[in-house]
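Bear in mind that the values in this text are calculations on the coordinates, not laboratory data. Since the structure is predicted, the reported quantities are computational estimates derived from the model, not experimental observations.
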Amino acid sequence: MALVSVVGATGRQGLAQMRQLAAAGHKVRALSRSENPDLGGSNAADETRIIDLSDESTFVPALEGSDAVFYTHPLQSPGNRAELVAKLGSAALEAGLDRFVWNTSGWIPDQPGEAHSYGENTPAINALFRTGIPATVFGSVLFMDNLLTNWARPFIVHEDRYVYAHKPHLTANWISLDDVGKCMTAALARPDLEGAWMNIGGPQALKPTEVTEALSRVFGREIRYDPCTPEEFGALLVDALGDSMAEEEKQPMRDFIASFYHYNNDSPTQPFLVNTDYMHRRLPEVEFETLEQWAARQDWSDDAHRPSAG
């Protein structure tokens, strides 16, 4: 079994990746900026090391001695995406790692001209591959776990409202973070996925009313669809980030989120949809859970551990 370093181990995505690595029998090294990272009571990490994505000198020491690295690009990214990913890839190569698995946390376009972070994924993937580190890249389109955050969960639990910036027609392949972790873990044993990228999503393409139907069945009461504007959603998300974001960064982030969801609602390329037939053929070992299955096994209480913006 491999020893895998997980960048961003204290976040929602990193914690899920560590769970899946441990479940598959791998050893886990949790990487974060803290000497004593808050892993939410998780016992999945066998060891910890410090990495600071704004300090390139920490990269190689953090990775040395491990076999592979799982990377998730942070929401509040320090610098250019392609440059950062390339530096990490080069560090992994220097440290002697066998594999780099990157979760872009967003759709990877298959044509030019895409806006926002989608358009940044293509040059970043190319930059990673050009470092020479054997790499696999997954574009996970929309997370079920977002419904547990402080910009979504309180409305569901306390007001029976599903508040999100999705227009009624928008369909999305919501995917659980645990399933993202399963895909990344599966890639470690798949040499045919070296040098490959693919979009991943949950098994169902759901409209907002279908999301509420699933939640209503889980909660045993009616959860109604109550869409907000992209501008309102940007404010909700930034408020949930709280003190983790500098005051001068908050309005630009609100504006970015608003623009991002206007684009997602109206783009003809439908960046929240995935070719699930292709996905299942490429990843037959991964059993993807439905939104209802995911929701039924969550702790929706107010006092549950909720990293990274709730």
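Using alpha carbon centroids, what distance separates region 19-47 and region 200-249, in Å? Between the Cα centre of region 19-47 and that of region 200-249, the gap is 28 Å.
Evaluating kT/(6 pi eta Rh) at 20 °C and 1.002 mPa s, with the Kirkwood radius of region 128-183 over Cα pairs in the Stokes-Einstein relation, gives 155 µm² s⁻¹.
Taking the longest Cα principal axis of the chain as reference, the axis of helix 230-241 is set at about 50 degrees.
Pairs of Cα atoms in region 229-284 fall into 10 Å distance bins, from 0 up to the last occupied one, in shares of 22, 33, 23, 19, 3 percent. Only DSSP H runs of four or more residues enter the estimate; each adds -39500 (n - 2.57), and after division by the residues of the chain the mean residue ellipticity at 222 nm equals -12000 deg cm²/dmol.
If you count Lys pairs in the chain whose Cα atoms are under 27 Å apart, skipping same-chain pairs closer than 8 places in sequence, the total is 6.
The C-alpha atoms of the chain define a longest principal axis, and helix 12-23 lies at about 60 degrees to it. Calculate the translational D of the chain in whole µm² s⁻¹ from Stokes-Einstein, where the hydrodynamic radius comes from the Kirkwood formula applied to all Cα pairs, the temperature is 4 °C and the viscosity 1.567 mPa s. In µm²/s, the coefficient rounds to 66. Viscosity 0.692 mPa s, temperature 37 °C: give me the Stokes-Einstein translational D for region 69-189 in µm²/s, with Rh taken as the Kirkwood radius over C-alpha pairs. Taking Rh from Cα pairs, D becomes 205 µm²/s. What whole number of Å gives the distance from the Cα centroid of region 270-291 to the Cα centroid of region 70-133? If we compute the Cα centre of each part, the gap is 21 Å. Relative to the longest principal axis of the Cα atoms of the chain, the long axis of helix 208-219 makes an angle of roughly 90 degrees. According to the Cα-based calculation, Rg over Rh for region 12-119 is 0.97, with Rh computed by the Kirkwood formula. Taking only the alpha carbons of region 254-308, we obtain Rg and Dmax values of 16.4, 40 Å in that order.
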